[in-house]
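Asker: Dumping the structure here so I can ask a few things about it.
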Amino acid sequence: MKKTIFTLTLVLGLSTVLFTSCGTDETAATPTPAAKTLDKSKLVDKEWYGEGKSTYSHKFQTGGKYRDLNGTWKWLNESDSMEVRITPDDSPIIVYFSYCTDTEMALKTGSSTAAEVVFKSSPW
């Protein structure tokens with residue numbers, strides 16, 4: 001009788017350990033978005049390319065110059081929004097940034113509810 005109780009206890013203990021450690025871990029499969037935050041310092045003095053583009057789409061230069069034209073950019077109220085003018089006479093375009101890393105950034109133009117577009121610091 002003692003051998004039967006010992007065997008049952010051993011089997012139940014092992015099965016509990018095995019089933020507990022073999023369960024699915026949903027959090028491990030989902031990458032954390034914390035790595036993609038808006039670091040404004042990584043946005044400037046780089047050429048940003050859209051998907052499938054061989055020439056850059058955006059270039060925010062130190063001092064508020066936009067692209068290689070006479071365009072300008074400036075942050076709006078120290079937020080994640082920026083006013084961009086392609087040339088001095090153009091109407092301003094409001095750009096909303098979602099994130100910016102060393103090699104990737106995402107933005108929306110015209111409205112914070114517009115579709116997000118991703119750009120990379122090299123052609124892709």
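Asker: Calculate the spin-label point distance for TRP124 paired with ASN77, positioning each point 7 Å from the Cα along the beta-carbon direction, and give it in nanometres.
Answerer: 3.1
Asker: Could you work out how much longer the chain between THR62 and GLU116 gets when fully extended? Use 0.36 nm per residue separation minus the Cα distance between them, nm to one decimal. Please report the intermediate quantities before stating the final value.
Answerer: Working: separation 54, 0.36 × 54 = 19.44 nm, distance 2.42 nm.
Additional length available on full extension: 17.0 nm.
Asker: Further question on the same structure: So if I restrict to the alpha-carbon atoms in segment 35-120, what is the Rg, and what is Dmax, the biggest pairwise distance, in Å?
Answerer: Just the Cα atoms of segment 35-120 yield Rg and Dmax of 12.0, 38 Å.
Asker: For each of SER91, SER57, count neighbouring Cβ atoms within 10 Å of the residue's Cβ, then give the residues from fewest to most.
Answerer: Ordered from fewest to most neighbouring Cβ atoms within 10 Å, SER91, SER57 come out as SER91, SER57.
Read-outs: derived from the displayed coordinates by stated rules, not from any lab. Nothing here was measured: the structure is a model prediction, and the numbers come from that model. Ideal geometry is used to build each Cβ from the backbone, glycine not excepted, and the neighbour counts take in all protein chains shown.
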